[in-house]
Amino acid sequence: MLKFAYRNLRRNSRRSYITLVSIIFAAMLINFFRFLAYGIHQENIRQAVSLTTGFVQVAAFGWAENRPLQRALDVNSQLLEKIQVQGVKMISPRIETGALLSFKTNSRFVRVLAADPEKEREVTNLENTISNGRIFSSTVKQETKQPNIYEMVAGERLARRLGLQIGDTGALSGGQFDGSVGAILVKLTGTLKSNQQQIDDTLIWVSLPAGEELFNPSIGTDSETTRYTSLALGLQDINKSPEIITKLREYIPTPFDESVSDSSDSQIFDPEVLDWTQLNPGLEQYLKLDNVGNEISNAFLILIMAFGVLTTLEISIHERTREFGIMLAIGTPHSFLVSILIIETLLLLGVGSVIGSSLGAAASYYLEVNPIELTGELADSMIAFGSLPLIRAKVVFSELGIGLATLLIPSFLMALLGIRKVTRLEPIQVISTL
């Protein structure tokens with residue numbers, strides 16, 4: 001039966017080749033676009049997570065909603081013991097909130113990250129984005145009775161807009177945990193260039209002692225408790241983050257407060273474990289929206305391909321109607337003809353999808369090894385929309401399987417609609433009308 005189906009395809013090789021080329025082209029485009037979208041998304045996730053949040057943090061219940069200083073986390077030895085599960089190699093305490101940075105006559109609202117750079121190296125790659133200058137060091141003392149001057153690194157565009165140069169000193173002021181106002185002097189030692197708008201335009205990174213003096217989050221706590229906005233966790237293997245998060249949530253169950261609709265208004269301040277999607281909700285929503293657009297584009301391509309297969313099959317059946325009528329007249333069952341047509345369709349779809357997927361994977365692998373870095377206005381617009389100015393595909397078998405399934409299943413179902421006509425053929429009627 002397979003040999004018979006192959007011979008039928010060779011009988012009209014021109015039509016078969018046209019159909020095969022269209023299937024190859026569709027499979028190549030669908031898989032290439034899927035690999036490209038997956039690669040761009042993974043690059044955005046990796047960049048955003050590895051630069052600022054890390055894959056896992058522990059914070060007070062409701063802090064992730066809008067990250068107010070008033071929802072800081074009480075950290076003690078019992079909590080640290082629960083966090084130190086297998087797979088966690090570093091715990092980096094953080095104080096993260098908003099403040100006002102002033103230099104001469106200029107001032108801007110900034111996002112302050114107070115954290116130890118030695119510990120942050122095990123959590124993020126933020127230090128690697130320093131494009132000019134150096135990372136900050138410990139407190140710099142002025143003369144007697146003069147205030148401390150703390151060192152900082154700042155986003156490159158933020159420093160440029162404020163007119164800050166390496167070595168300049170500005171004032172950083174912000175609300176403290178008890179409602180009062182704190183202020184410190186900060187000297188710029190380096191600038192950050194990450195191609196991420198939230199970092200380059202708004203971020204100030206200072207030492208943990210600087211954040212503690214500025215925001216005074218531990219006011220009112222006992223000697224055994226220290227207060228931070230969150231604890232960022234460095235993992236031994238980021239690919240095992242889902243398993244580590246599951247294990248952490250067994251020791252630190254997620255609180256629930258049914259009395260409020262917004263967890264940031266809750267009076268429960270117990271710790272909860274946050275994954276990267278909770279820490280980067282804007283990025284998650286952007287990726288979901290982009291996925292919807294990609295799937296719509298792929299759907300149009302798949303429908304065009306499926307209708308092309310249906311049209312080709314119907315033309316083939318129409319041209320062979322007399323042949324089918326004679327075969328039915330000599331006793332050939334309808335099921336045999338249906339089986340032949342199904343095998344012909346599967347041969348075309350199978351060969352075309354294998355060749356097309358291979359070409360799409362090859363083109364995607366080239367972009368994976370040799371990504372394209374955009375520059376100029378296009379890069380600036382992509383950064384403004386929260387995406388990296390980098391085009392990198394990534395070949396993964398899961399996306400390949402999804403791409404093949406979404407192409408083959410609709411095409412085969414459309415082919416079955418055409419094949420149904422053969423089951424209604426009557427040999428005497430067919431022969432008498434031709």
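Quick note: the coordinates plus some simple rules give every number you see, no bench work behind them. Remember, it's a predicted structure, so these values are computed and weren't measured experimentally. All Cβ positions, glycine included, derive from the backbone under ideal geometry; neighbour counts span all protein chains shown.
Taking a Cβ cut-off of under 14 Å around Arg111, the surrounding Lys, Arg, Asp and Glu residues balance to a net charge of +1, with basic ones at +1 and acidic ones at -1.
Taking neighbour counts of Cβ atoms within 10 Å as a proxy for exposure, in what order, fewest first, do Met90, Met152 appear?
Working: Met90 16, Met152 29.
Ranked by crowding around the Cβ, least crowded first: Met90, Met152.
With charges set only on the Cβ (+1 for Lys and Arg, -1 for Asp and Glu), what does the dipole of the chain come to about its Cα centre, in debye to the nearest 20? Walk me through the numbers before you get to the answer.
Working: 38 positive and 44 negative charges, 468 e Å.
With only Lys, Arg, Asp and Glu charged at Cβ, the dipole is about 2240 debye.
Projecting the Cα atoms of Leu289, Asn12, Phe412 onto the charge dipole of the chain (Cβ charges, centred on the Cα centre) puts Asn12 farthest toward the positive pole.
Assign one of three labels to the stretch 1-86, namely rounded, prolate or oblate, based on the Cα gyration tensor with a ≥ b ≥ c the square roots of its eigenvalues; rounded applies when a/c is under 1.5, prolate when it is not and a/b is larger than b/c, and oblate otherwise. Taking the square roots of the gyration eigenvalues as a ≥ b ≥ c, the stretch 1-86 is prolate.
Once the convex hull of the alpha carbons of the stretch 236-328 is built, what does its volume come to per residue, in cubic angstrom? Please list the in-between numbers first.
Values: hull volume 23.8 nm³, N = 93.
So the per-residue Cα hull volume is 256 Å³.
Kindly flag which residue pairs out of Lys82/Lys394; Lys89/Lys187; Lys3/Lys394; Lys240/Lys288; Lys89/Lys193; Lys82/Lys119 have an alpha-carbon separation exceeding 29 Å in this structure. Mind showing how you got there, number by number?
On the way: Lys82/Lys394 36 Å; Lys89/Lys187 32 Å; Lys3/Lys394 38 Å; Lys240/Lys288 23 Å; Lys89/Lys193 27 Å; Lys82/Lys119 19 Å.
The answer is Lys82/Lys394; Lys89/Lys187; Lys3/Lys394.
Summing charges over neighbours of Ile40, with a neighbour being any other residue whose Cβ is under 15 Å away from its Cβ, gives -2 when K and R count +1 and D and E count -1.
May I ask for the distance between the Cα centers of the stretch 143-217 and the stretch 61-131, given as a whole number of Å? Spelled out, the Cα-based centre of one part sits 14 Å from the other.
Simple rule: put +1 on each Lys or Arg Cβ and -1 on each Asp or Glu Cβ in the chain, find the dipole, and look at Gln267, Asn44, Ala60; the Cα lying farthest toward the positive end is Asn44. Relative to one another, the C-alpha centroids of the stretch 388-430 and the stretch 288-367 are positioned 6 Å apart. For the stretch 39-82, what class follows from the C-alpha gyration tensor (a ≥ b ≥ c being the square roots of its eigenvalues): rounded when a/c is under 1.5, otherwise prolate if a/b is larger than b/c, else oblate? Here the stretch 39-82 falls in the oblate category.
Neighbour counts of other Cβ atoms within 10 Å put Tyr251, Tyr228 in the fewest-to-most order Tyr251, Tyr228.
Rank-order 114-127, 330-343 by packing density, defined as the average count of other C-beta atoms within 10 Å over each peptide's residues, highest first. Write out the running numbers ahead of the final one.
Working: 114-127: 19.1, 330-343: 14.8.
In decreasing order of mean packing, 114-127, 330-343 become 114-127, 330-343.
Taking other Cβ atoms within 10 Å as a rough exposure proxy, Glu344, Glu212, Glu243 sort from fewest to most as Glu243, Glu212, Glu344.
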